Amino acid sequence: MATETAGERTEGARRAAPDLPALATGEGWERFYRWGPYGLLGLAGVLSAATASVFLTPAERYAGGALLVAALALELSWSRYGRRPVSATSCGYYAARTVLGFAMSWLNPFAAIYALIGYFDGARLLPPRWVRPGLFATAVTMAGSQSGGLPPGSATQWGVFGALYLLNAGLGLVFGHLGEKEAEEAAAKAATIAELERTNARLEQALRENAGLHAQLLVQAREAGVADERRRLAAEIHDTLAQGLTGIVTQLQVVRDADDPAVRRAHLDRAQALARHSLGEARRSVHDLAPSALAQDALPAALEKAVAGWGVQAGVRAEFTLTGAAEKLHDEIEASLLRIAQESLANTARHAGASRVGVTLSFMDGEVVLDVRDDGCGFDPAAVPPRTRSGGFGLAGMRARAERLAGRVDVESEPGQGTAVSARVPLVRHD
């Protein structure tokens, strides 16, 4: 499905909005400003023609007709060449229209209908300081027509004209205020629309950037997954195949040096069992399954069997101790702790020359601790040689396993004082 852009959503929301009355929208006012003068001029022309015999002499009729044609020409010129709000052209248009309306109403009061438009678009066509004078000028035309025509013929008519002028001037101020508010709202709407367009443009740009970033993150995640899988397989191979092959080599060396057929047979059987076990572990590692020792037993029982089997194979006294209330742990936690214990025991067999090894599994509040201690020759942890192709993977592998589980591995050792390996990981129960 194509992604909907912010502009499309904005446009769709606008189309889905309920229709408003014509003059309640900016488009309605635009239509009124465009065609309103023509409508008022037409109405003024019709009423003036109908009452020409009452108010006008033959000469005034010709003059009124000429003024009507001039007003129509003005409107056509404004529609075609003008229509620029608050400019020199708009000021000239407003002044010319006001003068024509005044002159037409001087001949026939009904022609003042044309001047009525000045109440509505004064704030649109004139600068702010000229809006009120323009409205007051329109009020003169409207008051003169309402009082019976200009000029007033008596004191009474002058009084009526003055009262009507005050009324129309007040109405002009009201219309001017409404016009200013409408202009402010129109400007605010225009600014809002412009800001929305800029926001939509920025949003679309951000969406394009996010799409590129998403693709880049997918590539990085894929590469990280490949690297993690390689590390996992390397650790599994070291913890299973390498240790199994080492045990097989040890058993075969005994077979080579032994003269007793029974001893040789026993060590050959052990080598065969180690080979089968290593083969099973290799298959499980490829399929990312739990170690075979955890297939039937929980971690404490699997550790106890692993320690006992290692002690028999290495000829070292090995003891396992469980402290705390044992719980079923998450599969990854159990597998990692078992691998760490196996690697620690393998390191002890290869390097420590120990006579006694103790393995302790402790269930504490919020964490599980595995301790492997021996009374061997010890070493300087700060002087551990870097990993090579032939060895040295064990300590780094143990730490990597613990760190993947938000845990850590600490090593305490001194030359001649034995070694203690402590692995701490969060206690995550099996779901």
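The values are calculated or read from the model by the stated rules, or taken from the named source; none is laboratory data. Quick caveat, the model's predicted, so the values are computed rather than measured. Because the Cβ atoms are built from the backbone with ideal geometry, glycine has one as well, and the counts that use them run over all protein chains shown. These accessible areas exclude ligands, DNA and RNA; they are computed on the full protein's heavy atoms, side chains included. Shrake-Rupley method; radii C 1.70, N 1.55, O 1.52, S 1.80 Å.
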- [ ] Give the peptides 129-135, 111-117 in descending order of average Cβ contacts within 10 Å, highest first.
- [x] 111-117, 129-135
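Order Val54, Val174, Val421 by their accessible area, 1.4 angstrom probe, all chains in place, largest first.
The most accessible residue leads, giving Val54, Val174, Val421.
Which order do the peptides 146-153, 325-332, 205-212, 398-405 take when ranked by the mean count of other beta-carbon atoms within 10 Å per residue, highest first?
Working: 146-153: 15.9, 325-332: 14.2, 205-212: 10.9, 398-405: 18.5.
Averaged packing, sorted descending, gives the order 398-405, 146-153, 325-332, 205-212.
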Task: Phe363, Phe102, reordered so the largest accessible area comes first (probe 1.4 Å) - done: Phe102, Phe363
Task: Per-pair calculated FRET efficiency, R0 = 51 Å: His214 and Val312 via Cβ, rounded to 0.05 - done: 0.40
TODO: Any lysines with Cα under 20 Å of the Lys189 Cα? List them, leaving off those in the same chain fewer than 8 positions away.
DONE: Lys181
TODO: Give, as ranges by residue number, the residues of the stretch 400-426 whose backbone N falls under 20 Å from the point 7 Å along Cα→Cβ of Ser355.
DONE: 414-420
Task: Per-pair calculated FRET efficiency, R0 = 35 Å: Arg256 and Lys305 via Cβ, rounded to 0.05 - done: 0.75
Task: FRET efficiency for Val174 and Leu207, using Cβ-Cβ distance with R0 set to 56 Å, rounded to 0.05 - done: 0.70
Open item on the list: Under the 0.36 nm per residue contour assumption, what length would be gained going from the current alpha-carbon distance of Phe55 and Glu30 to full extension?
Closed with: 5.5 nm
- [ ] Would you mind computing, in nm to one decimal, how far apart the modelled labels at Val69 and Lys189 are, each placed 7 Å from Cα along Cα→Cβ?
- [x] 4.0
